[in-house]
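Step one of this worksheet: look at the structure below.
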Amino acid sequence: MEELELDASRLTPIFQETVPSRRELVGDVVERLMEIIRTIPCAQENLDAVHLALAEALANAIIHGNKEAPDKHVSVWGACEDGENLLLAITDEGDGFDPASIPDPTLAENIYSTHGRGIFLINRLMSRTEYRLGGRQVILRKRVAREKPQVESG
């Protein structure tokens with residue numbers, strides 16, 4: 001997988017939130033964060049894709065990562081990179097996992113499996129996805145189109 005470099009000098013932090021490991025909170029947390037994301041210049045396009053990917057990643061962290069343990073939390077962090085990429089980092093306190101071990105849900109033998117569909121969606125919806133910290137953290141990047149420069153005619 002291509003390395004996703006995070007150069008702090010190119011990032012503008014937007015938010016950081018810590019969420020208790022309770023699946024019933026996913027919807028409200030995602031809606032609250034999307035309200036923030038909708039206001040920032042680096043996230044004015046593809047917001048439906050960002051919404052779904054964030055919901056899947058947060059649910060995965062709570063349900064599969066932290067196993068809904070009441071004493072564990074999930075950290076969600078967002079930033080703009082160079083004004084043209086939205087970055088989201090979702091980190092759980094679980095044991096981690098190997099993303100390569102998740103079966104491809106589009107293969108015939110996995111078509112009825114209930115595992116791996118969220119990761120599949122996230123990978124398709126975001127521009128780039130990277131797993132770090134032994135699978136305890138997922139970094140999501142959504143590239144937005146830059147505005148074309150205005151050319152004045154004389």
Starting from the Cα-Cα distance between Arg117 and Glu35, subtract it from 0.36 nm times their residue separation and give me the gain in nm to one decimal.
26.9 nm
When the scattering of the stretch 1-76 is computed by the Debye formula from its Cα atoms alone, each counted once and equally, what is log10 I(q)/I(0) at q = 0.16, 0.19 Å⁻¹?
-0.68, -0.91
Calculate, for Ser101 and Lys67, the FRET efficiency according to 1/(1 + (r/R0)^6) with r their C-beta to C-beta distance and R0 22 Å; round to the nearest 0.05.
0.80
Quick one: net charge of Ser75's neighbours, Cβ under 14 Å, K/R +1, D/E -1?
0
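Based solely on its DSSP helices, what 222 nm [θ] is calculated for the chain when runs of n ≥ 4 H residues each add -39,500 (n - 2.57) and the sum is averaged over all residues, nearest 500 deg cm²/dmol?
Values: 3 runs with 35 residues, N = 154.
Computed mean residue ellipticity for the chain: -7000 deg cm²/dmol.
Restricting to Cα pairs below 8 Å that are 6+ residues apart, what does the relative contact order work out to for the chain? Please round to a whole percent. Write out the running numbers ahead of the final one.
Numbers: 251 pairs, mean separation 40.2, N = 154.
The value is 26 percent.
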Estimated dipole of the stretch 21-143 in Debye, rounded to 20 [Cβ of Lys and Arg +1, of Asp and Glu -1, Cα centre]
60
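For the stretch 21-143, what is the Kirkwood hydrodynamic radius in Å, using each pair of distinct C-alpha atoms? Please report the intermediate quantities before stating the final value.
Details: mean 1/r = 0.0677 Å⁻¹.
After inverting the pairwise mean of 1/r, the radius is 14.8 Å.
Among the helices of the chain (complete DSSP H runs), which have Cα atoms covering no less than 15 Å along the helix axis and a Kyte-Doolittle mean of at least -1.0? Intermediate results must be reported in sequence, preceding the final value.
Details: long enough: 26-37 (16 Å, 0.99); 47-60 (19 Å, 1.05).
TM-like helix candidates: 26-37, 47-60.
Each value in this text was obtained by applying a stated rule to the coordinates, not by laboratory testing. Just so it is clear, the structure is predicted and the values come from calculations on it, not from any experiment. Virtual Cβ from ideal backbone geometry, glycine too; neighbours counted across all protein chains shown.
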